[in-house]
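Accompanying notes for the structure given below.
The values are calculated or read from the model by the stated rules, or taken from the named source; none is laboratory data. All of these numbers come straight from a predicted model, not from anything done at the bench. We place every Cβ from the backbone using ideal geometry, glycine too, and count neighbours over all the protein chains shown. Each accessible area value is taken on the protein alone, full model and side chains, heavy atoms only, with ligands, DNA and RNA left out. Shrake-Rupley method; radii C 1.70, N 1.55, O 1.52, S 1.80 Å.
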Amino acid sequence: LNYQLQLNWGREFGKHNVSAMGLMSRQERATGSMIPNFREDWVFRTTYGYASKYFFEYNGAYNGSEQFSAENRFAFFNSGALGWMITEESFMKSLRFVDMLKLRASYGEIGDDNISGRWLYMTQWAYGGNSSLEVNNGTSPYTWYRESAVGNPDVHWETVRKSNVGLDYSFF
C-alpha cells in the first residue's frame, strides 16, 4: 500500500522567481503472511531565483522508519544550494564566445535506513535452541526460550553529509 500527497506552488514577481513543494508519502509493504514494513516521509523544497542570475534552494526531509526504536525512528535531513549564472552579468556580455557560465555549490545530509536485519533495536527470542544449548540434551520436560539476538536500542539512521561545487559552461 503506497500513498502520496504532493503540493506545488510557484510564482514570478518581476525579476523574482519563487517556488515551493511539499510531499507526504507513506508505504506499507508485505508479502504473504509477513508482518508489514512501514516507511513515512515528509519532504519540502523551496527555491528562489533573481533575474535568472542568482539562485537559492533549500530542502528538508523528515523521514520515519520502523527499523529503529521510537527514540530514533524519525530524523530530519536537510540540504541547500547556491548558484550564480555569471554570463547574465553585464561584465560578461563582451565575451561573445561564452554562451553559458554558472558557478554552483551545495551541501546537505541524507539518511539511510537500509540496514541488514529487521528490528535490530529489539532483543530477539527463540523457542528451543541448537543442540549444544539444549537442557539435558533435549530431554527437558519444560518449554523454554533462549535469547537469539541482543537488541541495540541505539541503532539509528546512517547519516551522510555531501557537498558539491561545480562550474557549468558552454562555449560557441
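Taking the Kirkwood radius as Rh and the Cα radius of gyration as Rg, the range 79-126 has a ratio of Rg/Rh equal to 1.55. Taking label points 7 Å from Cα along the Cα-to-Cβ direction, W144 and A51 give a separation of 8.1 nm. Full extension of the chain between S90 and N2 gives 26.7 nm of extra length, using 0.36 nm per residue less the Cα-Cα distance.
When the accessible area of the range 1-75 is split by element with a 1.4 Å probe, what percent falls to carbon and sulfur?
Values: 2820 of 4980 Å².
The value for the range 1-75 is 57 percent carbon and sulfur by accessible area.
Computed across the range 43-101, the Kirkwood hydrodynamic radius from all distinct Cα-Cα pairs reaches 14.5 Å.
All other residues with a Cβ under 14 Å from the Cβ of S79 taken together, and with Lys, Arg as +1 and Asp, Glu as -1, what is their net charge? Don't skip to the answer; put the middle values down first.
Numbers: positive: R45, R104, R161, K162; negative: E57, E109.
With Lys, Arg at +1 and Asp, Glu at -1, the net is +2.
In summary, the lysines within cross-link reach of K162, defined as a Cα separation below 27 angstrom excluding same-chain residues under 8 places away, comprise K53, K102.
With N denoting the number of residues in the chain, provide Rg(C-alpha) divided by 2.2 N^0.38 Å, to two decimal places. Before the final figure, lay out the partial values.
Details: Rg = 26.2 Å, N = 172, 2.2 N^0.38 = 15.6 Å.
Relative to the rule-of-thumb radius for its length, the chain sits at 1.69.
Based on the reciprocal of the average 1/r between different C-alpha atoms, the Kirkwood radius for the range 5-78 equals 14.6 Å. Using the Cβ-Cβ distance between F13 and W42 with R0 set to 25 Å, the FRET efficiency from 1/(1 + (r/R0)^6) comes to roughly 0.35.
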